[in-house]
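See structure below.
The values are calculated or read from the model by the stated rules, or taken from the named source; none is laboratory data. Remember, predicted model here, so these are calculated numbers, not experimental data. Cβ sites come from the backbone with ideal geometry, for glycine too, and all protein chains shown count toward neighbours. Note: accessible area is taken over every heavy atom of the protein model, side chains too, but ligands, DNA and RNA are not part of it. Shrake-Rupley method; radii C 1.70, N 1.55, O 1.52, S 1.80 Å.
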Amino acid sequence: MKKIKNILFSKPFCIIMLICAFIYGLILPFCWGNDPTTETGTLSLLCGTHKPYFWLWVIFTGGGLICNTQYMYNKFAYKSKLLDTLCVLSAVSIICIALTLGHSADSWEPKRIVHWIATGLFIVFIVAAIALFFILERKNHKSFKWLTVCTFLILSTFLVMFAAMGKSALMEMVPLALIEIFLFVINFTPLIKD
C-alpha cells in the first residue's frame with residue numbers, strides 16, 4: 001500500500017495527471033460536434049452516450065486534483081485527517097457523478113437529482129480540501145492568505161459563468177483548468193516555497 005501511495009503522490013505522476021486533466025478537459029467538450037456554450041453541451045449530457053470517455057475524464061480530473069492536493073499537503077509537511085477525508089469524499093462524489101450519467105435532461109428524475117447533488121458535493125469537497133489547508137496554515141506561510149483568496153476567486157468563476165451563461169460545459173471547463181494551473185504553480189514552481 002505504501003508503494004502505491006508513493007507512486008500516486010510522486011512528482012512525476014502528479015505532473016502527468018495535471019497535464020492530462022488540463023488537456024483532456026479542454027478537448028473533450030468539443031468532441032462529436034458538441035457546442036460547450038449551450039445548455040445541452042455539458043460533459044454529463046455529452047458523455048451520456050460516451051461513458052468511457054467520461055470515466056477517463058473522472059480519472060484525469062478527479063485523480064489529478066486529489067493527487068495534487070495530497071502532494072501539496074506533503075510538500076508543506078502537513079497532515080490532517082479532516083483534509084484527507086475531504087479528498088476521499090471528493091473522490092466518492094466524482095465517481096457518483098459518473099455513475100449517474102445517462103439521466104434525462106428533461107425531467108427531475110432521481111438519477112438526475114443524485115447527479116446534481118454529487119456534482120455540488122465534488123465542488124464543495126475539493127475546494128474545501130484546498131482552501132481549508134491554506135486557512136489552517138496561514139500563520140505559518142504568509143502567501144497562504146492570498147492563496148485562499150485565489151481559491152475562492154477560482155470558485156467564483158464557476159458562479160459568474162453560471163449566472164452569465166447558464167448551464168454549459170464552459171462553466172465546468174474554465175474553473176477546472178484554473179484550479180489545475182493553480183495547483184501546478186503551487187506544487188511545481190518556485191513561486192510558492194515550502
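How many residues are touching a residue at least 60 places away in the same chain (Cβ under 8 Å) and more than 25 Å from T42 (Cα to Cα) if we restrict to the range 69-118?
9
Hey, could you check the range 1-17 for residues that are open to solvent by less than 70 Å² (accessible area, probe 1.4 Å) and over 28 Å from T49 (Cβ atoms) and say which is modelled with the lowest pLDDT?
Per the criteria, the residue is L8.
If you scan the range 36-94, which residues turn out to be aromatic (F, W, Y), open to solvent by less than 10 Å² (accessible area, probe 1.4 Å) and out of contact with any Asp or Glu (no Cβ under 9 Å at 6 or more places or on another chain)?
F54 - this is the single residue of the range 36-94 that is aromatic (F, W, Y), open to solvent by less than 10 Å² (accessible area, probe 1.4 Å) and out of contact with any Asp or Glu (no Cβ under 9 Å at 6 or more places or on another chain).
Return yes or no: is L83 of a type outside the set (G, A, S), over 14 Å from the mean Cα position of the chain (by Cα) and over 18 Å from S10 (Cβ atoms)?
In short, yes.
Name the pairs: first residue in the range 20-43 and farther than 29 Å from C67 by Cβ, second residue in a helix (DSSP H, G or I) and not small (G, A, S), Cβ to Cβ under 8 Å, at least 6 apart or on different chains?
T37/M165; T37/L170
Evaluate the range 99-116: report whether one residue or more is part of a helix (DSSP H, G or I), closer than 21 Å to G62 by Cα and touching a Phe, Trp or Tyr at 6+ places or on another chain (Cβ under 6 Å).
The answer is no, given that none of the residues of the range 99-116 is part of a helix (DSSP H, G or I), closer than 21 Å to G62 by Cα and touching a Phe, Trp or Tyr at 6+ places or on another chain (Cβ under 6 Å).
Restricting attention to the range 139-159, does a residue exist that is assigned to a loop (DSSP other than H, G, I, E, B), among the hydroxyl-bearing types (S, T, Y) and surrounded by fewer than 17 Cβ atoms within 10 Å (Cβ to Cβ)?
Taking every residue of the range 139-159 in turn, at least one turns out to be assigned to a loop (DSSP other than H, G, I, E, B), among the hydroxyl-bearing types (S, T, Y) and surrounded by fewer than 17 Cβ atoms within 10 Å (Cβ to Cβ).
Out of I135, I130, I117, I need the residue that is of a type in the set (V, I, T) and crowded, with 20+ Cβ neighbours inside 10 Å. Which one?
Result of the check over I135, I130, I117: I130.
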